[in-house]
Amino acid sequence: MSETVKDEPVKIKAKDRMAKPRNEMPLNDPAKRVTNFEEVPIGYTLDQAQAEAFRCIQCKKPDCIPGCPVGIDIPAFIKLVEEGDVAAAARKIRETNFLPAACGRVCPQDKQCELVCIVGKKHEPVAIGNLERFVADYEREHKLDRIPKIEPDTGKNIAVIGAGPAGLTAAYELRKRGHNVTVFEAFHRGGGVMVYGIPRFRLPLEIIDEDLKLLEDMGVNFVYNMVIGKVFSIEDLRDKEGFDAVFISTGAGLPKMLGIKGENLNGVYSANEYLTRIYLMHANDFPNYPTPIVQGEKVAVIGAGNTAMDVLRTAKRLGANPVCYYRRSREESPARTEELEHAEQEFINFKWLSNPVEFIGDETGAVKAVKCEIMELSEPDESGRRKPMPTGKFFTDEIDTAVFSLGCDVNPIITDVTPELTKNKWGIIMVDKKTYHTSMKGVFAGGDSVTGGATVILAMGQAKEAAKYIHDYVMGNFDYELAIPTDPIAPGVVWEGRFEKAHREPKKH
Ligand SMILES: Cc1cc2nc3c(=O)[nH]c(=O)nc-3n(C[C@H](O)[C@H](O)[C@H](O)COP(=O)(O)OP(=O)(O)OC[C@H]3O[C@@H](n4cnc5c(N)ncnc54)[C@H](O)[C@@H]3O)c2cc1C
Ligand code: SF4
């Protein structure tokens, strides 16, 4: 790479930097990749990363930083990549983000930092996510030291419930401050949805395992196969088991269904169950592992969000010809553009404007067909949204498996047995918006359990904030009377409001 700031003493003009085309992420060939679970993006080389870093104009007021829920100093790490000091770039990212390899892969950058990147006003935005991924992979491959400075022991004990991104981030932040942290996890391993939801071809398992090992090396304790709310209650942890504070980060794992006829037939799954069987229980390797998955060739996937794309692409890799049924059109699909495009590249069929109304079973109680109503879109309403309208026309497709991918609600295991914990009508745990303190003294909550299904980075951002106040609480510097749990922090309110204002379509070259 010749054109770097280091090699070029003459100051390079911003317009020359911006004029360079974005370095697209190299991908594995679709025909080959549907035959295995290997990661689809290949990753940048150092030359590609430096070429992409060159496109950043080092804005004086960089919009990308507030666009990141954990506030990574994006221009600083990109400059270090441009200069070829990737180890320093890794240290810079690690100041604020403890899961950079995962975030570089799964964060919706197109809706966050890259959406507001100043270069994106006239050109394609800087590929911040690809650069973050490159730096994190370099750090891992070169086995750079990742253990942060840990403050002297405070003697305070903190219980974290749930080992997803929110719980792991809280554990990291609190351990750094010198507290003893114990993470209680219902499953036999940590990672949360990053392990049992997000497929391996988007987020390899070894990445999560390294992050879990980092926490273990820092001295965080993990207790697996422990369902809080069944074995111990929150009160037990706080009042009998010696924990000075509790952080609830149990996610949103209760699947939504449509409530249509035939949903209970054999072969009808929720996306959660389907993905968990495969990615957590290894059902694709049955009988080497004890959990099976019953899946034929004709798989119907209901919904067209990111989870639906994950199910479709997983089913394809297991040899099916999956079809996506969605009651709106492609334009209204809630999936990230990249996810939708990757699914299309992988020869997946979509039936837009098709609303499943019934599953039909055979004599053994197994699903054999799906009946759909054909929809049409209304004229745009005041918000500009076009509603799907029934046409009264139907079609029926033969299927042998169906998977619902319609999102999830918060699991009530803890809230049902903890009346002191205020929740709203959707079961979402209510917290004080600033401190994440719940209605129970010394009990905080964050992540999907207080937002409903959102994103990895949003869960992490909340856990990081909560950790500051948990620290204050256990050190006796927190006035919990002032922490009033109010409405849940809906991601739409927190994020869309900010980004709607900033929204613009980047111009293509
Ligand atoms: C299929 C799928 C794909 C996704 N893809 C993306 C993506 O590409 N990018 C993105 O940013 N986000 C994605 N998400 C969303 C993202 O994974 C979540 O927003 C994020 O994992 C929330 O983190 P969390 O820590 O709050 O909860 P979770 O990740 O759900 O972790 C909660 C943990 O708590 C444990 N737990 C639950 N109840 C108890 C209990 N009573 N006792 C003990 N432990 C308990 C659970 O077993 C789990 O391990 C996806 C979600 C799904 C379902
Ligand atoms: S907004 Fe874009 S161009 Fe500006 S500093 Fe951030 S990444 Fe670089």
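The values are calculated or read from the model by the stated rules, or taken from the named source; none is laboratory data. Values in this document were obtained by computation on a predicted structure and should not be read as measured data. For neighbour counting, all protein chains shown are included, and Cβ atoms are generated from backbone atoms with ideal geometry for every residue, glycine included. Heads up: the accessible areas ignore ligands, DNA and RNA and are worked out on the full protein's heavy atoms, side chains in. Shrake-Rupley method; radii C 1.70, N 1.55, O 1.52, S 1.80 Å.
Side notes on the structure shown:
- In the range 93-117, residue farthest from Ala136 (Cα to Cα) [restricted to those that are more than 16 Å from ligand 1 (Cβ to nearest atom) and in a loop (DSSP other than H, G, I, E, B)]: Val116
- Considered as a group, the residues in the range 364-384 that are assigned to a loop (DSSP other than H, G, I, E, B) and in contact (Cβ under 8 Å) with a residue 12 or more places away in the chain include one that is most open to solvent (accessible area, probe 1.4 Å), and that residue is Thr364.
- In the condition set (1) in contact with an Asp or Glu (Cβ under 8 Å, 6 or more places away or on another chain); (2) open to solvent by 30 Å² or more (accessible area, probe 1.4 Å); (3) not in a loop (DSSP other than H, G, I, E, B), Glu341 is compliant with all but (1).
- Among the residues listed as Ile57, Ile72, Ile128, Ile65, the single one being at pLDDT 95 or above, under 18 Å from Met18 (Cβ atoms) and within 20 Å of the chain's Cα centre (by Cα): Ile128
- Among the residues listed as Pro152, Pro199, the single one being buried (at least 19 other Cβ atoms within 10 Å of the Cβ), touching a residue at least 12 places away in the same chain (Cβ under 8 Å), farther than 21 Å from Ala466 by Cβ and more than 7 Å from ligand 1 (Cβ to nearest atom): Pro199
- The set of residues from the range 259-276 being open to solvent by 60 Å² or more (accessible area, probe 1.4 Å) and closer than 28 Å to Tyr224 by Cβ comprises just one member, Glu273.
- Gly120 being in a loop (DSSP other than H, G, I, E, B) and buried (at least 19 other Cβ atoms within 10 Å of the Cβ): no
- Selection of the range 68-85 for residues being of a type in the set (Gly, Ala, Ser) and either within 16 Å of ligand 1 (Cβ to nearest atom) or outside any loop (DSSP other than H, G, I, E, B) (or both) yields only Ala76.
- Residues of the range 23-67 that turn out to be within 15 Å of ligand 2 (Cβ to nearest atom), part of a loop (DSSP other than H, G, I, E, B) and open to solvent by 20 Å² or more (accessible area, probe 1.4 Å), as a count: 10
- Some residue of the range 3-11 being surrounded by 14 or more Cβ atoms within 10 Å (Cβ to Cβ), within 19 Å of the chain's Cα centre (by Cα), of a type in the set (S, T, N, Q) and on the phi < 0 side of the Ramachandran plot: no
- Residue in the range 84-101 that is touching a helix residue (DSSP H, G or I) at 6+ places or on another chain (Cβ under 9 Å), farther than 19 Å from Glu52 by Cα and within 16 Å of ligand 2 (Cβ to nearest atom) present: yes
- Filter pass, Gly167 being at positive phi and either part of a loop (DSSP other than H, G, I, E, B) or within 16 Å of ligand 1 (Cβ to nearest atom) (or both): no
- Take the conditions (1) open to solvent by 20 Å² or more (accessible area, probe 1.4 Å); (2) within 16 Å of ligand 2 (Cβ to nearest atom); (3) modelled with pLDDT of 95 or more; Val81 misses just one of them, which is (1).
- Qualifying positions in the range 335-363 - without any contact (Cβ under 8 Å) to a residue 60 or more places away in the chain and within 30 Å of Gly104 (Cβ to Cβ): Ala335, Glu339, Leu340, Glu341, Ala343, Glu344, Ile348, Phe350
- For Leu237, the requirement of being farther than 25 Å from Lys441 by Cβ, out of contact with any Leu (no Cβ under 8 Å at 6 or more places or on another chain) and outside any loop (DSSP other than H, G, I, E, B) is not met.
- Restricting attention to the range 385-407, the residues that are closer than 21 Å to Ala335 by Cα and open to solvent by less than 30 Å² (accessible area, probe 1.4 Å) total 5.
- Filtered by the rule that a residue be in contact with a helix residue (DSSP H, G or I) (Cβ under 6 Å, 6 or more places away or on another chain) and part of a loop (DSSP other than H, G, I, E, B), the range 319-332 gives a lone residue, Pro322.
- Near pairs, Cβ below 6 angstrom, 6+ apart or cross-chain, from the range 161-181 (open to solvent by 10 Å² or more (accessible area, probe 1.4 Å)) to any residue that is assigned to a helix (DSSP H, G or I) and among the charged types (D, E, K, R): Glu173/Lys464
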